[in-house]
1. Find out how many positive minus negative residues lie around Ala118, taking Lys and Arg as positive, Asp and Glu as negative, among other residues whose Cβ is under 11 Å from that of Ala118.
2. Within 10 Å, count the other beta carbons around each residue, average over each peptide in 162-169, 173-180, 40-47, 149-156, and list them highest first.
3. Would you please report the Å³ per residue occupied by the convex hull of the alpha carbon atoms in segment 92-235?
4. By the scheme Lys and Arg +1, Asp and Glu -1, what is the net charge of all other residues having a beta-carbon under 10 Å from that of Asn61?
5. What is the sum of charges around Tyr180, taking Lys and Arg as +1, Asp and Glu as -1, for the other residues whose C-beta is under 15 Å from the C-beta of Tyr180?
6. What is the order of Glu26, Glu99, fewest Cβ neighbours within 10 Å to most?
7. Tell me what the chain gives for mean residue ellipticity at 222 nm when only DSSP H runs of n ≥ 4 count, each as -39,500 (n - 2.57), the sum divided by the residue total, rounded to 500 deg cm²/dmol.
8. Take the alpha carbon atoms of segment 80-117, find their center, do the same for segment 185-221, and report the distance between the two centers in whole angstrom.
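No value in this document is a laboratory result; all are computed from the given coordinates. Everything numeric in this text was worked out from a predicted model, so none of it was measured. Because the Cβ atoms are built from the backbone with ideal geometry, glycine has one as well, and the counts that use them run over all protein chains shown.
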Amino acid sequence: MTLLCLIAAAIAGDNAHSVDVYAGTEFPLMVGVGATYEHPTRLRLDVNGGFMPDAYVDALNWILTTFDVYDETTADLIDDVLTNALLGRAELGFRPWEERGWTAALGYQHLRVFGSTAGLTSFVDGVDEDALETAQEFTGNLTIDIAVHQIHGELGYERALMADRFGDHLRIRGTVGFAYTLRANTTADTTQEPSNPIHETAADIVIYEAEVYLDDVFEEWVHIPTLGVSAGYRF
């Protein structure tokens with residue numbers, strides 16, 4: 001409610017406040033939209049959200065495999081589970097100099113995956129592949145939901161675009177940042193119901209191991225540098 005009141009004051013014409021709405025991309029995390037409120041003290045609140053395109057997942061895997069953060073098997077699994085990933089973020093920031101566009105921000109980012117599908121052989125790391133193929137005959141694939149909790153920080157610069165025509169209204173900004181995973185919560189299930197108690201016990205083990213493995217992947221390895229650019233309008 002407080003944020004809505006502040007935004008309303010800015011739109012109503014209080015020149016000491018400003019609200020920017022924008023669209024842009026932050027590579028290799030997301031394409032999305034957002035809004036930034038700036039107080040007269042130059043304290044800022046930024047909220048944004050979007051989705052992770054498949055090309056960004058490929059780029060993320062290329063970066064992390066190139067620097068030997070994880071191997072191709074893990075990259076294939078990440079490619080499977082990050083299909084249709086969504087992101088949301090809220091940050092507090094500050095613009096240190098009144099006449100300059102440099103900014104800094106730090107906040108919370110939430111990455112969410114709903115209902116991705118992965119075969120058991122995607123979890124082959126440390127497990128016999130033939131055993132997984134046999135298990136998949138009675139479990140089917142796994143459906144996977146993941147909630148990833150991250151800290152996100154960034155440094156940025158913004159300025160007016162075509163100020164001679166539009167004044168301070170059209171804005172462009174660039175950022176460099178970093179997303180650090182604090183915690184991941186994975187929920188998995190089989191696409192086929194086990195037909196007997198033995199298969200049910202095996203399926204429970206498979207589900208547990210998959211959830212633990214994916215949590216470990218995100219918590220240990222998914223710490224991502226970012227590069228962003230966006231354009232918007234200032235009220």
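1. Neighbour charge sum, excluding Ala118 itself: -3.
2. For the peptides 162-169, 173-180, 40-47, 149-156, the packing ranking is 149-156, 173-180, 40-47, 162-169.
3. With only Cα atoms used, segment 92-235 gives 135 Å³ per residue.
4. Summing Lys and Arg as +1 and Asp and Glu as -1 gives -4.
5. Details: positive: Arg89, Arg183; negative: Glu26, Glu91, Glu154, Glu219, Glu220.
Charge balance in the 15 Å sphere: -3.
6. Glu99, Glu26
7. -9500 deg cm²/dmol, from helical runs alone.
8. About 29 Å separates the Cα centre of segment 80-117 from the one of segment 185-221.
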